[in-house]
1. Testing Leu297 on (1) touching a Leu at 6+ places or on another chain (Cβ under 7 Å); (2) at pLDDT below 85; (3) not aromatic (Phe, Trp, Tyr), one condition comes back false. Which one is that?
2. Could you list all residues from region 60-89 that are outside any loop (DSSP other than H, G, I, E, B), modelled with pLDDT under 85 and β-branched (Val, Ile, Thr)?
3. Is it true that some residue in region 9-17 is part of a strand (DSSP E or B), closer than 19 Å to His104 by Cβ and in the same structural domain as Gly85 (by TED's automatic domain parsing)?
4. If I ask for residues that are in contact with a helix residue (DSSP H, G or I) (Cβ under 6 Å, 6 or more places away or on another chain) and closer than 14 Å to Gly391 by Cα, which ones from region 356-370 would you list?
5. If you go through region 90-101 one residue at a time, do you hit one that is closer than 19 Å to Met133 by Cβ, in a helix (DSSP H, G or I) and modelled with pLDDT under 95?
6. Is it the case, given these coordinates, that Thr81 is surrounded by fewer than 16 Cβ atoms within 10 Å (Cβ to Cβ) and among the hydroxyl-bearing types (Ser, Thr, Tyr)?
7. Scanning region 123-153 for residues that are surrounded by 14 or more Cβ atoms within 10 Å (Cβ to Cβ) and of a type in the set (D, E, K, R), which turns out nearest to Arg112 (Cα to Cα)?
8. Inside region 18-47, can you point out the residues that are in a helix (DSSP H, G or I), surrounded by fewer than 18 Cβ atoms within 10 Å (Cβ to Cβ) and among the hydroxyl-bearing types (Ser, Thr, Tyr)?
Amino acid sequence: MDRCIVLVDAGYLLGAAASLLAGEPSRSRITVDHAALIQGLRERAESDTERPLLRIYWFDGAPDRVPQPEHRRLRVMPRVTVRLGALTRSDGRWAQKGVDAAMHAELTELARNRACSDVVLVTGDGDLLPGMMAAKEHGVAVHLWAVQAADGDYNQSEDLVAEADERRVLDRAWITKAVHAKDLGGTCAPPPAPRPEIAAILSAPLPESAMPSRGERNAREPEHTQAAVSGNGTEERVPAAKGVPTPKDLAALRGPGTQAAQHPAQHPANATLRWSSDKGWVDRPGVAGETADAASLPTLAQLTTAEQRWADREEDITTVGGDPYEVGQVFARRWMGRLSDQAHLQKLSTMYPRVPHRIDGELLRYAARFGLLAHKDDQIDEHDRYAIRAGFWREIDVRTAAEHAPAGE
């Protein structure tokens with residue numbers, strides 16, 4: 001068949017591009033325009049081989065072979081087939097498993113079936129040498145492409161280079177049409193704006209009613225005292241200094257007769273106390289209005305129709321890049337856009353900086369679709385969680401500010 005096929009080892013292509021552009025082979029250091037990259041591969045293959053393209057095979061690794069956002073975008077592109085191997089962690093480093101074997105099997109099968117006259121290999125691994133030799137024996141011309149090495153030397157197996165029929169180098173000018181180094185000088189996301197009512201609660205002095213009585217101190221003495229040795233050698237119990245106030249102490253600030261009750265202007269009524277745990281912010285009974293308000297907020301799933309769910313999935317695949325901050329914005333935008341009662345939006349805004357538990361869980365599950373769990377032992381790390389929630393609140397703030405802006409602004 002007078003047509004060409006391209007087999008791409010994504011680990012080699014993008015790792016070598018990261019080394020060239022960012023100085024290290026970590027793919028997290030680069031951004032990739034996959035549509036432009038695929039188009040560039042197609043045009044270059046058809047030009048070099050003088051044959052029309054049949055298909056581009058994209059070989060890559062993924063945790064548990066679960067497609068990541070880039071894989072979902074690639075596999076819906078025309079003339080692109082994605083083949084996934086495993087991504088495993090060994091000695092603190094991530095490595096692909098099964099990718100070379102899959103490329104070898106595909107190469108030999110295509111050659112045996114005479115599916116093409118020319119094969120372009122974008123790889124550097126010498127394990128593909130037997131497959132290359134088998135393809136040549138079936139009359140297929142093998143073109144080997146390399147990514148320009150950062151040090152000007154080879155970044156491919158010399159045996160592979162020697163066995164290829166044709167060899168080309170994808171230089172920096174070609175690579176930068178679709179791949180760019182990230183600017184990592186800034187933070188993951190701008191911090192949420194401070195809310196003065198929270199600072200007011202935490203900085204307010206404790207009322208006398210919140211301080212434990214002498215009897216209470218004696219009752220708790222075994223837990224809150226420390227041992228000291230006196231001059232005559234006997235052990236004495238010395239009261240420990242009072243540290244950060246407990247949630248119970250802070251809650252007393254809202255009690256009758258306290259400064260907060262006597263001076264409501266200095267201590268806003270909507271300044272409520274929040275608790276946190278190893279599972280994140282959680283609702284606790286007894287905080288006025290919090291549990292009822294949080295429970296009354298609808299989730300995105302409740303607001304979304306079957307048609308909208310299908311459209312959301314299409315947008316996730318084709319448009320949403322998967323950056324944690326962007327993910328939070330997209331989720332908030334959809335949630336706000338589908339509210340029938342805008343009072344829910346105002347209610348949510350008063351809960352800042354805490355995302356209600358049921359919405360926060362849905363937000364993090366949505367983020368997991370974009371591979372934010374990958375390489376982190378099935379946990380979204382704290383840096384990404386901060387960025388996800390910061391993006392969520394920034395979108396909420398933008399929407400509420402727009403609704404309250406004077407006409408004409």
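1. Among (1) touching a Leu at 6+ places or on another chain (Cβ under 7 Å); (2) at pLDDT below 85; (3) not aromatic (Phe, Trp, Tyr), the lone unmet condition for Leu297 is (2).
2. Once the filter is applied, which keeps residues that are outside any loop (DSSP other than H, G, I, E, B), modelled with pLDDT under 85 and β-branched (Val, Ile, Thr), region 60-89 yields only Thr88.
3. Yes, that holds for at least one residue.
4. Answer for region 356-370, where residues must be in contact with a helix residue (DSSP H, G or I) (Cβ under 6 Å, 6 or more places away or on another chain) and closer than 14 Å to Gly391 by Cα: Leu363, Tyr366, Ala367.
5. Yes, that holds for at least one residue.
6. Numbers: surrounded by fewer than 16 Cβ atoms within 10 Å (Cβ to Cβ): yes; among the hydroxyl-bearing types (Ser, Thr, Tyr): yes.
Yes, satisfied.
7. So, considering only residues that are surrounded by 14 or more Cβ atoms within 10 Å (Cβ to Cβ) and of a type in the set (D, E, K, R), the one nearest to Arg112 (Cα to Cα) is Lys136.
8. Ser28, Ser47, listed by residue number.
The values are calculated or read from the model by the stated rules, or taken from the named source; none is laboratory data. Quick caveat: nothing in here was measured; it's all calculated off a predicted structure. So basically every Cβ, Gly included, is an ideal-geometry build from the backbone, and we count neighbours across all protein chains shown.
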